[in-house]
Structures are given as structure tokens and as C-alpha cells.
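What follows is a single structure, written as C-alpha cells, with notes after it.
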């Protein structure tokens with residue numbers, strides 16, 4: 001799956017595909033026939049076991065809160081999924097090594113289409129002569145839709161993990177070099193002393 005900004009891509013359907021869905025035990029499958037002409041709204045909340053698994057997967061201290069809101073709609077054989085994932089994650093400041101908590105609110109926007117539709121789109125892209133246009137078209141290719149369900153839990157989990165800052169820093173925390181006492185031992189101190197000794201000057 002890819003976020004709208006385009007980091008990583010992987011499929012998320014309950015039928016069993018690559019990506020975080022295979023390792024995170026949070027499954028909220030939605031059958032395609034549940035999506036009516038007026039669309040479908042869903043609010044979901046991750047149970048404790050799923051939050052613990054996500055924390056272990058992402059190297060977090062904890063995930064005390066994880067919810068998501070979705071709006072699903074159909075357009076022919078395609079399914080559009082939009083929403084927001086909200087979470088609170090416990091991390092460790094890379095500067096002070098103190099525990100900290102980060103709040104994440106990440107937008108979700110995806111389009112799913114059956115593999116056949118994706119193949120037709122790939123053929124169309126291959127006919128493009130402009131490399132830049134072809135690259136843009138590939139970025140906008142839909143996620144493969146296999147089976148008759150879409151797993152909202154897996155989608156929310158991956159978007160949360162992709163949004164986590166791998167190098168969190170508490171507000172106001174800054175790197176500072178170790179203090180060195182005046183006249184103390186520090187790199188090049190011996191060299192400086194040698195230069196001051198009689199006979200060691202090149203002048």
C-alpha cells in the first residue's frame with residue numbers, strides 16, 4: 001500500500017496479500033457488497049492485542065490508542081477508500097533517551113481495482129512515450145483488489161506505522177557535546193603540548 005505521498009506500496013485485502021496485514025493481528029474486513037450506492041462509513045478501534053502487536057512490530061514502547069475513520073465508495077469495479085488513522089504511540093527520545101508520547105493523525109486515501117483493471121492500466125502506461133508521464137501514471141495505479149473484501153484494520157495499521165518518526169525528539173531536546181574542563185585531557189591536547197615544548201617549533 002502506498003500513502004498518497006507515495007512511500008511504500010503493498011496490498012491490503014483480507015484474502016491474504018503482502019504487507020503488514022500478514023503480521024498484524026488486526027483484521028476488520030469489509031465485504032464489497034456492504035458498500036452501497038451512497039457509500040459506507042466505518043469507525044474502527046484496535047483492541048489491546050492488536051495494539052501490542054503493532055508496538056512490537058514498529059519498535060515502540062506501546063500504542064495506547066489506535067482508531068480510524070473510513071469512507072468507502074464504489075465506481076464501477078473500483079473501490080475508493082478515504083479516511084484518517086489516529087493513534088498515540090510511546091517512543092524514546094533519541095537525544096535524552098527519555099520516554100515520550102507522539103500523537104499521529106494520518107490521512108488515508110487509496111483506490112482498489114481488480115487485477116485485470118490494473119493490467120489494462122499497465123498496458124496503457126507502457127504505451128506512453130514520455131518517461132515522466134509514465135512515472136506519474138505508475139504512482140497513481142490502483143491497489144490490487146483480490147477477493148470480495150477490503151481489510152480496514154490492516155490499512156489503518158500500515159498507515160500508522162508509515163507515519164511514525166523513526167528518530168523522535170522531545171520538544172526542546174538538543175544534542176550537546178560533553179563538557180571539557182579547562183586544561184583537561186581532550187583530543188589533540190598532547191599534540192598541543194608538544195608544540196609548546198622547546199625544540200619542537202618549526203620556526
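Nothing in this text is a laboratory measurement; each read-out follows from the coordinates by a stated rule. Here the structure is a predicted model, which is why all the values come from computation and not from measurement. Positions of Cβ are generated from backbone atoms using ideal geometry, with glycine treated the same way; all protein chains shown enter the neighbour counts.
Report yes if some residue within region 55-66 is in a strand (DSSP E or B) and surrounded by fewer than 15 Cβ atoms within 10 Å (Cβ to Cβ); otherwise report no. Yes, the conditions are met somewhere in region 55-66.
For residue 82, the conditions (1) touching a helix residue (DSSP H, G or I) at 6+ places or on another chain (Cβ under 8 Å); (2) over 15 Å from residue 160 (Cβ atoms); (3) surrounded by 15 or more Cβ atoms within 10 Å (Cβ to Cβ) all hold with the exception of (1). Of everything in region 32-54 that is assigned to a loop (DSSP other than H, G, I, E, B) and in contact with a strand residue (DSSP E or B) (Cβ under 6 Å, 6 or more places away or on another chain), the residue that is surrounded by the fewest Cβ atoms within 10 Å (Cβ to Cβ) is 35.
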